[in-house]
1. Among the residues of segment 225-249 satisfying the criterion of being crowded, with 24+ Cβ neighbours inside 10 Å and not in a strand (DSSP E or B), which is farthest from the ligand (Cβ to nearest atom)?
2. What are the residues in segment 287-322 that are of a type outside the set (Ser, Thr, Tyr), assigned to a loop (DSSP other than H, G, I, E, B) and either within 11 Å of the ligand (Cβ to nearest atom) or assigned by TED's automatic domain parsing to the domain that holds SER78 (or both), if any?
3. If LEU159 passes every condition in (1) over 25 Å from ALA66 (Cβ atoms); (2) surrounded by 24 or more Cβ atoms within 10 Å (Cβ to Cβ); (3) in contact with a strand residue (DSSP E or B) (Cβ under 7 Å, 6 or more places away or on another chain) but one, which one does it miss?
4. Of the residues LYS252, LYS263, only one is of a type outside the set (Ser, Thr, Tyr), open to solvent by 10 Å² or more (accessible area, probe 1.4 Å) and closer than 18 Å to LYS288 by Cβ; which?
5. Can you name every residue in segment 363-414 that is more than 22 Å from the chain's Cα centre (by Cα) and buried (at least 23 other Cβ atoms within 10 Å of the Cβ)?
6. What single numbered condition from (1) within 11 Å of the ligand (Cβ to nearest atom); (2) crowded, with 20+ Cβ neighbours inside 10 Å; (3) closer than 21 Å to ASN327 by Cβ fails to hold for VAL215?
7. For GLY108, indicate whether it is buried (at least 24 other Cβ atoms within 10 Å of the Cβ), outside any loop (DSSP other than H, G, I, E, B), assigned by TED's automatic domain parsing to the domain that holds MET301 and modelled with pLDDT of 95 or more.
Amino acid sequence: MAKISDNPLDSARKQLRAAAAILKIEPKVLAVLSEPKNELTDDIPVKMDDGETEYFNSFRIQHNDALGPYKGGIRFGSDVSMDEVKALAMWMTWKTALVGIPFGGAKGGIICDPKKFSQAELERLSRGYVQQYVDSIGPHKDIPAPDMYTNAQIMAWMLDEYEKLTGRHAPGAFTGKPVELGGIGSRESATGYGGFVAVQQVAKLLKLKPKSTTVAIQGFGNVGHHAAQFLFDAGYKIVALSDSQGAIYNKKGLNPAAAMTCKLEKGMIAECYYAGSVVNGSKSGVIKNEELLELGVDILMPAALESQITAKNANSIKAKVVVELANGPTTPEADRILQQKKIKVVPDVLANSGGVIGSYFEWVQNNYGYYWADDEVHDKLSKLVTAAFAKAVAKSREHNADIRTGAYLLAVSRVARAIGLRRGI
Ligand code: NAD
């Protein structure tokens with residue numbers, strides 16, 4: 001029996017091998033695709049507010065740059081690991097290739113508990129990361145962006161440090177920056193917007209009407225809350241939301257804006273039981289995080305962490321469609337079970353590609369020094385996600401396979417071809 005694992009790197013490698021077998025990728029090229037080109041890791045010394053110096057383990061994993069400079073976010077967290085960052089870097093390579101933007105794939109991380117840091121400590125940690133990796137990043141080398149527990153302010157500190165160390169302006173060295181420093185207003189909502197576009201496409205495919213379509217979202221952070229808002233504004237019924245500390249459910253529907261106001265005030269979503277936009281005050285709508293995944297909704301959107309739908313709970317998933325806003329939320333074993341249950345999965349490389357597409361538009365504008373209107377960004381982003389969705393579905397039909405396989409066949413073949421051309425293979 002195949003080994004069952006919830007390790008994201010095992011999942012990423014299995015997904016690659018499955019696509020490579022169908023595509024009959026040259027062994028030499030597969031060897032290149034299976035491992036990151038560069039694995040950078042070092043401890044970052046940070047002077048804490050109490051005067052003590054602490055060291056935080058950090059990574060920058062550069063998976064592949066055959067199609068363009070490395071591109072990928074930096075996440076902070078106690079559970080960040082080398083394997084997780086390697087998997088995330090590989091997924092970035094497929095995502096940029098799938099949507100056809102001229103980037104490769106990378107990812108970074110720092111093992112730390114950002115919730116325990118003061119702002120001054122966070123700033124020193126962020127600047128320390130850049131001091132560590134300054135020679136390996138840059139607008140035409142490797143372009144970091146925010147990810148879990150990192151944001152525009154952190155990108156501002158990182159950019160400032162990078163420009164100080166290199167002695168020149170280079171706004172294209174980081175994306176997801178504040179608007180004042182060359183960021184674009186719509187970057188923060190870009191991943192959620194792309195997820196919304198993906199939902200619209202799958203709804204069209206399955207003939208789901210927004211008003212009668214229920215949605216549960218795991219992870220009410222940057223990506224989850226923007227996706228919830230776009231869907232709510234388009235008439236979808238958001239019935240459940242969660243964060244790391246709990247979940248809420250109301251079959252009549254929740255108002256994401258009101259839920260976010262409450263979450264910011266009370267610190268956790270489980271303290272916000274809402275009926276419509278009105279605080280109900282009752283705890284009856286508070287459910288466990290695991291229960292949210294197993295609700296009988298039309299669309300389930302994991303928007304938190306990897307390996308949330310596994311061989312252990314896949315049989316209990318009742319949604320008609322899973323739209324993966326998080327990276328790697330479904331393990332390959334769970335994927336097979338969902339397929340057997342005829343649950344459609346819109347894979348992460350497609351469903352959350354809006355983030356890196358938004359970053360691409362930010363980078364293009366930084367390099368040009370010419371800035372477009374925000375609605376132009378949404379319009380261009382929507383076209384790229386819609387086109388990638390149609391191509392992935394068409395490819396999946398050609399091979400009588402799921403959408404993930406269709407997306408992987410397109411992405412892996414593009415990167416493999418670029419490597420082949422560069423190396424004469
Ligand atoms: P975030 O830190 O803003 O939000 C994450 C949310 O998930 C938080 O609300 C957190 O409380 C919640 N969460 C954590 N553990 C949970 C659990 N066990 N159950 C329920 N909720 C839990 O991060 P984000 O930027 O929104 O990223 C979310 C996911 O989307 C990640 O997988 C990330 O890699 C992916 N992603 C993000 C972007 C982006 O532009 N930010 C782009 C592409 C993919």
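1. Residue satisfying both the conditions and the ranking: TYR236.
2. Residues satisfying the conditions are LYS288, ALA303, ALA304, LEU305, GLU306, GLN308.
3. The single condition LEU159 does not satisfy is (3).
4. Among LYS252, LYS263, only LYS263 is of a type outside the set (Ser, Thr, Tyr), open to solvent by 10 Å² or more (accessible area, probe 1.4 Å) and closer than 18 Å to LYS288 by Cβ.
5. The one that is more than 22 Å from the chain's Cα centre (by Cα) and buried (at least 23 other Cβ atoms within 10 Å of the Cβ): ASN366.
6. Result: VAL215 passes all but (1).
7. On the way: buried (at least 24 other Cβ atoms within 10 Å of the Cβ): yes; outside any loop (DSSP other than H, G, I, E, B): yes; assigned by TED's automatic domain parsing to the domain that holds MET301: no; modelled with pLDDT of 95 or more: yes.
When the stated conditions are applied, GLY108 does not pass them.
One line per residue, one yes/no per condition, for (1) touching a residue at least 40 places away in the same chain (Cβ under 8 Å); (2) over 19 Å from VAL385 (Cα atoms); (3) not in a loop (DSSP other than H, G, I, E, B):
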residue	(1), (2), (3)
GLU180	no, yes, yes
ALA190	yes, no, yes
GLY194	yes, no, yes
VAL197	yes, no, yes
VAL202	yes, no, yes
LYS211	no, yes, yes
ALA216	yes, yes, yes
VAL223	yes, no, yes
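The values are calculated or read from the model by the stated rules, or taken from the named source; none is laboratory data. Note that the structure is predicted; figures quoted are calculated from it, not measured. Every residue, glycine as well, gets a Cβ built from its backbone with ideal geometry; the counts of neighbours run over all protein chains shown. Surface areas here come from the heavy atoms of the whole protein model, side chains and all, with no ligands, DNA or RNA. Shrake-Rupley method; radii C 1.70, N 1.55, O 1.52, S 1.80 Å.
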